[in-house]
Amino acid sequence: MNPITRFAPSPTGDLHLGHVYAAKVAHDLARDGGGSFLLRQEDIDTGRVKPEFYRHIEEDLEWLGLRWDGEILLQSERRKAYDDTLEALKNMGLIYPCFCTRKDIQAALSAPHGSHAEIYSGTCRALSTQETSERIAVGEAHSWRFHAAKAAEIHGELSFHDLRFGKIRVDTSVNGDAVLARKDIGIAYHLAVVVDDHFQNITHVTRGEDLLGATHIHRQLQSILGFREPHYLHHTLVRDEYGTRLAKRDHAHSVRTLREQGCSPDEVLTMVKTS
Ligand code: GLU
């Protein structure tokens, strides 16, 4: 099977060395196996997306020689596919509306700080169908959350295979009932990425190890939706000289800055090779 990989940046900033590494991992895996390397612009967060970054991302990749195959997929043009999937999950009773504000969620957290600080306590899971219908009917703002435990009853034991970490058992407590449709934009990363990886026939999902936890919910969704299971590779993150992971606001490590300072594409690619 020839691998199909993708690089999926958000056009909310310029590419930095961390992105270069992510793009290179996906590119090389595809090219070494005689497969395809695809580009997807993850532009669902319309409040943060800026038009110039689409072009910057494409120009920087071309400059680096990391040429993608075929058309670029824009998540902003995939709304119908996401809505249809949300509808299917709704019909299966696997998502529920959540009216909690950020403040409610924070107040209900058992541990205010720490790794599980973001796990939702499940307040709205217990609401009756009548109450949720009434609140939706009067236009109360809500997100849609995944009923992770209920989904697990349907799919049973699940695991995923990571080329670096091996077999990992899916644990529904890693993400809790994650948001699949945000209050503000009506869609969320976890759902969009699963729908699009399936749509683009991605065989190997490569991304930073910071997203290893997210894969637990992605496998659940793939199983429930009858999607193929891709291989995973959660790679290391590029860090600065102090060991901090790079951020978009940190211009010192952006491809544009390095290019303006006279670096060649090979020099930039070498910087991520050794990190
Ligand atoms: N847009 C995501 C990011 O930039 C992609 C994550 C993924 O590869 O699933 O982190």
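Using 7 Å Cα-to-Cβ label points, what is the LEU109/ARG249 separation (nm, one decimal)?
1.8
Taking the simple approach of a point 7 Å from Cα along Cα-to-Cβ for both ASP171 and THR270, what is their distance in nm?
4.2
Mind jotting down the distance between the C-alpha centroids of the stretch 136-170 and the stretch 75-96, whole Å?
One Cα centre to the other: 14 Å.
Tell me the angle of helix 214-225 to the major Cα principal axis of the chain, expressed in degrees between 0 and 90 and rounded to the nearest ten.
The two axes meet at around 60 degrees.
Mind putting together the pair-distance distribution for the stretch 41-143? All Cα pairs, 10 Å bins, whole percent per bin, short to long.
11, 26, 29, 21, 12, 1
Tell me which residues come under 5 Å, amide H to amide H, from THR206 once H is placed; ignore anything under 5 positions away on its chain.
Here the answer is ARG6, LEU233, since their amide H atoms fall under 5 Å of that of THR206.
From the P(r) of the stretch 120-207, could you give the percentage of C-alpha pairs in the tail past 23 Å?
38
Cut-off 10 angstrom, C-alpha nodes, Gaussian network model of the chain. Which of PRO51, PRO265, PRO11 fluctuates the most?
Judging by the Gaussian network model, the answer is PRO51.
Suppose only helical runs count, i.e. DSSP H with n ≥ 4. What mean residue ellipticity at 222 nm does that imply for the chain under -39500 (n - 2.57) per run, divided by all residues and rounded to the nearest 500 deg cm²/dmol?
-11500 deg cm²/dmol
Find the cysteines in the chain that fail to meet the 4.7 Å Cβ criterion with every other cysteine, and list them.
CYS100, CYS263
Can you list which of the trypsin sites (Lys or Arg not before Pro) found in the stretch 1-57 are DSSP loop residues with at most 15 other C-beta atoms within 10 Å?
Qualifying residues, ordered by number: ARG48.
For LYS167, list the lysines whose Cα falls under 27 Å from its own Cα; do not include residues on the same chain fewer than 8 positions away.
Within the straight-line limit of under 27 Å, LYS167 reaches these lysines: LYS24, LYS150, LYS273.
Let me know the shape class of the chain, please: from the alpha-carbon gyration tensor, a ≥ b ≥ c as square roots of the eigenvalues, rounded when a/c is under 1.5, otherwise prolate if a/b is greater than b/c, or oblate.
prolate
In terms of Cα to Cα distance under 19 Å, which lysines are near enough to LYS80, apart from those fewer than 8 places away along the same chain?
Straight-line reach from LYS80, under 19 Å: LYS90, LYS183.
Got a sec? Charge dipole of the chain, +1 on Cβ for Lys and Arg, -1 for Asp and Glu; which of GLY139, ALA81, THR206 is way out at the positive end?
Highest projection toward the positive end goes to GLY139.
How big is the stretch 57-209 in terms of Cα radius of gyration and Dmax, in angstroms?
That works out to 18.1, 56 Å for Rg and Dmax.
What distance in nm separates the simple spin-label points at ASP69 and THR257, each placed 7 Å from Cα in the Cβ direction?
3.5
For the chain, take the longest principal axis of its alpha carbons; what is the angle in degrees between that and the long axis of helix 189-199, to the nearest 10 within 0 to 90?
70
Values quoted throughout were computed directly from the atomic coordinates according to the rules given, and no laboratory measurement underlies them. Source: prediction; values computed, not measured. For neighbour counting, all protein chains shown are included, and Cβ atoms are generated from backbone atoms with ideal geometry for every residue, glycine included.
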